[in-house]
Amino acid sequence: MTESERTITVDYLARVEGEGSLRVRLRGETVEDVELRIFEPPRFFEAFLRGRSYLEAPDITARICGICPVAYQMSSAHALERALGVTVGGALRDLRRILYCGEWVESHALHIYLLHAPDFLGYSDAVRLAKDHPDAVRRGLALKKAGNHLMQVLGGREIHPINVRVGGFYRAPSRAELDALRPELEQALEIAEETVRFTAGFDFPEIEEDYEFVALRHPDEYPMNEGEVVSSHGVRLPMDRFEEVFEEVQAPYSNALQSVHKGEGSYLVGPLARYALNSDRLPPRARTAARAAGLAPVERNPYRSIVVRSVEVVLALEEALRLIDRYRPPDAPCVPLPATFPATGAAWITEAPRGMLYHRYRLRADGLIEEAKIVAPTSQNQKRIEDDLRHLVGKSLRWDDAALTTACERAVRNHDPCISCATHFLTLEVERIPEGTGESPEANRAAPTLVVGLGQEDRGDDRAGIEVVRVLRRRFRGTEVEFLEGPADVALLLDRWSGRERTIVVDAVRSGRPAGTIQVLEVLGDRLPPTYGGSSTHGLGLAEAVALGRALDRMPRHLTIWGIEVGTIRIGSPPSGPVLRAVEDVTDRLARELGGPRRAARET
């Protein structure tokens, strides 16, 4: 190896949530620098919380992430309850834990099967994996669907739940509603145990990292909502002292803050850390699955995190079933809240799928939020991911650039980073709970036509599809046409359009044509043009949903895509004039195509 300088650049990290890149600089046989560059714009959601009522915080923070909204709601609600001197126990505590179980299941299942498993099985993405291993991908979708159903029944809907509030819930489910979930959860538990066996059979690189593991630890249970902060280096402290030991620092090349252990450096949160510090708290079936998979009480191989995630899916389903068995509806869905507010603050930590999520709030005497601080799991893991990459590159100096690039991306995916969360994302939208919790996807399939609007509200022209659906929903209220809006969640799309007579998708596209240009595509083949990739969580969008639907035989009989060419999609920008005119045009054309009112409709 010569002393010449060599730079490896990954412009866009694949199969992670959000927008980031990687830069590695080598000089001879020395790794000079490793930078995990997060270039999603900071979105300052902490500032948006200032001056808002404390009651709004769970609804606002739920918009930070479409994959782990419950984590943000739970950390927010617990911190504010602590500030108010309120304790939530009994059946309401159990409901919160069941809801968290649903989030762990759907988030872990998505990562295991659609994002991480392709790395171990030699595939570039989940679509190619599905063509050769459709049963494996079906298992992942079945698990995600079970998690989504828990989120729907307890949270009001699968993405950005709307039933959580400070003090409990807006509505507590009946015993019958939870009992109805048992058959699916029991089947999902068996699939989860098969998932542990599946992932344990992968070939793992021989590597061990000297991690400082940091997680919550509870005296009686595997931690989710409660516990004290502990680490493998001897840290033990209550949640409200977190900032005494850990601090966020700014890296000049990243829009995300990095959290470090003061005087110590990087640390790791997430499944590996939780398991290492709480493996003795696993319930019976999860403990049996971990032992059968050959997991040691502490695992330091980052590639084996996929096995640990699989064990946590078993745990979450086992725990949900246990809590459903003993559930008795509470007398009220929410504990009483004080009429006056101490001018005080408090902090809380819960265990998001990716690790500890810290919230701290300070309230004014009028109940408005004066200060908010949120430290996401990926902010805490970012420095440790860079350390992993530095060690990997140091052992792989003689690999060519292509092989090294692939290896680095794979090492990043070991930790399932949620970049959008780390850059403080917020769509400032407050929703109120409807009277009921909605109907199940099975009931939704009775409606022959589904109209989907894809996009993100805070990104200018990208909200075009959402605007079309909102207008159509109002026009067709009281008909059998069904509507769905939001980011392109692959599993949700497959679930909602599978077997349906007709689905219409309205999406923002970029193909170089003038903004506002309308394109209509009847989907007949396996793939869409690249301009129809969509904008979706975890880098999986409309194109992948179509390809997976074909591979798994989960398509509607007729799928039509209406693409609206976008101009600006900058965060915080309004839709442009040409796109607004196109929205009006598409809305009118689809209204004529859908016909007049018929029967009562359901909204999704």
> Looking at this structure, is Ala547 of a type outside the set (Val, Ile, Thr), modelled with pLDDT of 85 or more and assigned to a helix (DSSP H, G or I)?
Replying inline: no
> Just a yes or no: is a residue in the range 20-40 modelled with pLDDT under 95, in a helix (DSSP H, G or I) and surrounded by fewer than 20 Cβ atoms within 10 Å (Cβ to Cβ)?
Replying inline: no
> If you go through the range 272-284 one residue at a time, do you hit one that is modelled with pLDDT of 95 or more, under 15 Å from Leu357 (Cα atoms), assigned by TED's automatic domain parsing to the domain that holds His133 and part of a strand (DSSP E or B)?
Replying inline: no
>> Condition check: within 14 Å of Lys373 (Cβ to Cβ) and of a type in the set (Lys, Arg). Does Arg50 satisfy that?
In response: yes
> Going through the range 496-526 one residue at a time, which ones are out of contact with any strand residue (DSSP E or B) (no Cβ under 8 Å at 6 or more places or on another chain) and either modelled with pLDDT under 80 or assigned to a strand (DSSP E or B) (or both)?
Replying inline: Leu524, Gly525, Asp526
> If the Cβ limit is 9 Å and pairs must be 6+ apart or interchain, which residue in the range 363-379 that is without any contact (Cβ under 8 Å) to a residue 40 or more places away in the chain pairs with which residue that is acidic (Asp, Glu)?
Replying inline: Arg364/Glu370
> Can you name every residue in the range 77-88 that is under 10 Å from Gly167 (Cα atoms) and not in a helix (DSSP H, G or I)?
Replying inline: Val86, Thr87, Val88
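The values are calculated or read from the model by the stated rules, or taken from the named source; none is laboratory data. From a predicted model like this one, the values you see are computed outputs, not experimental measurements. FYI the Cβ positions are ideal-geometry reconstructions off the backbone, even for glycines, and counts take in every protein chain you see.
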